[in-house]
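Heads up: the structure comes next, in structure tokens.
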């Protein structure tokens, strides 16, 4: 047998948080256990070698069998729903990267649900016809070619009742390429197919093919209409590296701006007027370049163009790669991004270079970031690294902002009683929109509405999507059942996320619809306070602008709010957050040491950094020594953090494990 490779990465909240300590079981097609792995602090397992079939089979269009071996992954993380992935194709010499986006359990769930994802063979091996319909060449709606980030994909045929999911555009292309063809194909063949995939999607965006017909998505995953996309599947390293290089390049005819309609089919069991996927392998083996391959199927005057207009990016790529020796504001920007991201990904080393100077420590931080996010780890910030840094920075700041905003809105345990529907407005609508944004951060099937206090079509669409996910009637009306489901989702998220210290200021990334007045209302502050903190002389905001928002802790000393959980005591909280029992009691006006689950305590932060930890559920066979060895800590550290006086553990016991 020949060998292929697999890496599993566990994350949540749009990559904002890596999940360490996740239990991963790898099984073969007979469900026989092959590996048992645990993710590290970056949420990644080691690369493992798996037996598979010889590479040449996936290069032969006449081979009628399956040219790979499929493996399964079962992943479990405490406090999150589990994921079971069936049939990950492992091909000789290729590295499969399985990224798992975990969704927190709802507060009322007694046991994790299991999401099952089935992969199997790529579309190129399917026998069904492909009747992709596209616009006439002169058809155009948008004035510019824009990279949608995210792109909204409908998981079914256009008229089917199915979920929509939002993913970043590069991730969409990597998924489609991994779902359509084999990663073993020659480089020129892979590039030609990826250009066709990128351009097909951009054509749908440019012409608003589905949006103009009243649909709420950009493209479907049905091969009869569009391109194959399997939400949650693995990607391949060889495909990923090419996409990172060319994701903003597309095919057009000379003298035109519109992306050409690059239809395609496998060219063996299905014939079409466009590109033959298997035919690209033959042409690549004859020495043709990607553009020569494309001109073999599309008009001879096509060319490769580039667009640098990418939605959802804080600042545009400067056009020149940043590397050792670079200086200026662009270097300062990526240093800011990296320093913020490393709070969530501590494996990224600290930057000790002068601000705005790209030295050795900046290069090392970039290289580690690139390694974690499957980019070429060369320590150079090209367009792919720049855009991934921007995406991650937005994700991590958004997560911190949502946590702070929940406190400022006064989200408790009892939902509002109002009935909200299209046309409603006011504070309860802002609360609703906030809760939907929390749900959207952890579930790509829920779109995030603007938090403007107005219940418009966007909010109605988000409500209906959430109701579908929650198993409720998707009527777009918020009544008691929907309110309770939203609160259970919010409280479930709060249970698994580490508490955030309130330093008096939170960073906020401005989005469409934001105004200073709305932000002041949302965060219980004033317009003048925001303007003063940011040195603003006017009221104008722009999308992507980073604002400092004063929070409740700014006026009453340095503290953060903590929701008491089972097993908490004042002594344990004082140990965990480097304070004293008396300080906690004085800040909260307590006369005794009794605590109740759900009680909200103010914890003095005093500038000290709390002990980082994660929660772990004790399983059969666990001992303190084994846990300390597994997570790189000591028995004493675990006992001190949990207030244990003996080494005895009970199955099901919740332990706090130091994560530093």
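Let me confirm something: among 606, 504, 535, which residue is at positive phi, under 33 Å from the mean Cα position of the chain (by Cα) and at pLDDT 75 or above? Let's see the steps before the verdict.
Values: 606 fails: at pLDDT 75 or above; 504 fails: at pLDDT 75 or above.
Criteria check complete, one pass: 535.
Just checking, does segment 635-646 include any residue being assigned to a strand (DSSP E or B) and either farther than 26 Å from residue 111 by Cβ or modelled with pLDDT under 75 (or both)?
The answer is no; no qualifying residue exists.
Taking residue 470 as meeting all but one of (1) at pLDDT 95 or above; (2) within 24 Å of residue 81 (Cα to Cα), write down the number of the exception.
Only one criterion in (1) at pLDDT 95 or above; (2) within 24 Å of residue 81 (Cα to Cα) is unmet by residue 470, namely (1).
Taking the condition surrounded by 20 or more Cβ atoms within 10 Å (Cβ to Cβ) and within 21 Å of the chain's Cα centre (by Cα), does residue 436 pass?
Working: surrounded by 20 or more Cβ atoms within 10 Å (Cβ to Cβ): yes; within 21 Å of the chain's Cα centre (by Cα): yes.
Against the criterion (surrounded by 20 or more Cβ atoms within 10 Å (Cβ to Cβ) and within 21 Å of the chain's Cα centre (by Cα)), residue 436 qualifies.
Considering 42, 58, which residue is outside any strand (DSSP E or B), within 23 Å of residue 19 (Cβ to Cβ) and touching a residue at least 12 places away in the same chain (Cβ under 8 Å)? Lay out the reasoning, then the answer.
On the way: 58 fails: within 23 Å of residue 19 (Cβ to Cβ).
That would be 42, the only listed residue that is outside any strand (DSSP E or B), within 23 Å of residue 19 (Cβ to Cβ) and touching a residue at least 12 places away in the same chain (Cβ under 8 Å).
Can you tell me which of 47, 127 is in contact (Cβ under 8 Å) with a residue 60 or more places away in the chain, under 23 Å from residue 230 (Cβ atoms) and loosely packed, with under 15 Cβ neighbours inside 10 Å?
Values: 47 fails: in contact (Cβ under 8 Å) with a residue 60 or more places away in the chain.
Answer to the check: 127.
Listed residues 463, 438; which is out of contact with any strand residue (DSSP E or B) (no Cβ under 9 Å at 6 or more places or on another chain) and more than 30 Å from residue 331 (Cα to Cα)?
Details: 463 fails: out of contact with any strand residue (DSSP E or B) (no Cβ under 9 Å at 6 or more places or on another chain).
The conditions single out 438.
State whether one or more residues within segment 333-355 are out of contact with any helix residue (DSSP H, G or I) (no Cβ under 9 Å at 6 or more places or on another chain) and part of a strand (DSSP E or B).
First, the residues of segment 333-355 that are out of contact with any helix residue (DSSP H, G or I) (no Cβ under 9 Å at 6 or more places or on another chain): 346, 354.
Remaining after also requiring part of a strand (DSSP E or B): none.
No: segment 333-355 contains no residue that is out of contact with any helix residue (DSSP H, G or I) (no Cβ under 9 Å at 6 or more places or on another chain) and part of a strand (DSSP E or B).
Among 62, 2, which is the only one that is surrounded by fewer than 18 Cβ atoms within 10 Å (Cβ to Cβ) and either more than 15 Å from residue 182 (Cβ to Cβ) or in contact with a strand residue (DSSP E or B) (Cβ under 7 Å, 6 or more places away or on another chain) (or both)? Give the derivation first.
Working: 62 fails: either more than 15 Å from residue 182 (Cβ to Cβ) or in contact with a strand residue (DSSP E or B) (Cβ under 7 Å, 6 or more places away or on another chain) (or both).
Answer to the selection: 2.
Would you mind finding the one in 547, 590, 627 that is in a loop (DSSP other than H, G, I, E, B), modelled with pLDDT of 80 or more and surrounded by 12 or more Cβ atoms within 10 Å (Cβ to Cβ)? I'd like the intermediate steps shown before the answer.
Details: 547 fails: in a loop (DSSP other than H, G, I, E, B); 627 fails: in a loop (DSSP other than H, G, I, E, B).
Step by step, each of 547, 590, 627 is checked, and only 590 is in a loop (DSSP other than H, G, I, E, B), modelled with pLDDT of 80 or more and surrounded by 12 or more Cβ atoms within 10 Å (Cβ to Cβ).
Just checking, does segment 315-329 include any residue being in contact with a strand residue (DSSP E or B) (Cβ under 7 Å, 6 or more places away or on another chain), closer than 30 Å to residue 255 by Cβ, modelled with pLDDT under 95 and in a loop (DSSP other than H, G, I, E, B)?
no
Restricting to segment 573-587, count the residues that are over 21 Å from residue 639 (Cα atoms) and surrounded by 14 or more Cβ atoms within 10 Å (Cβ to Cβ). Break it down stepwise before answering.
Step one: filter segment 573-587 for residues over 21 Å from residue 639 (Cα atoms), giving 582-587.
Remaining after also requiring surrounded by 14 or more Cβ atoms within 10 Å (Cβ to Cβ): 583-585, 587.
So the answer is 4.
Which of the residues belonging to segment 90-124 are in a loop (DSSP other than H, G, I, E, B), in contact (Cβ under 8 Å) with a residue 40 or more places away in the chain, in contact with a strand residue (DSSP E or B) (Cβ under 9 Å, 6 or more places away or on another chain) and at negative phi? So that I can check it myself, show each step before the final result.
Going through segment 90-124, the residues in a loop (DSSP other than H, G, I, E, B) turn out to be 91-94, 102-103, 105-113, 119-122.
Restricting the remaining residues to those that are in contact (Cβ under 8 Å) with a residue 40 or more places away in the chain gives 91-94, 102-103, 105-109, 119-122.
Imposing the further condition that a residue be in contact with a strand residue (DSSP E or B) (Cβ under 9 Å, 6 or more places away or on another chain) reduces the set to 91-94, 102-103, 105, 119-122.
Across segment 90-124, the qualifying residues are 91, 92, 94, 102, 103, 105, 119, 121, 122.
The values are calculated or read from the model by the stated rules, or taken from the named source; none is laboratory data. As the structure is a computational prediction, the values presented were derived from the model and not from experiment. Backbone-built Cβ (ideal geometry, glycine too); neighbour counts: all protein chains shown.
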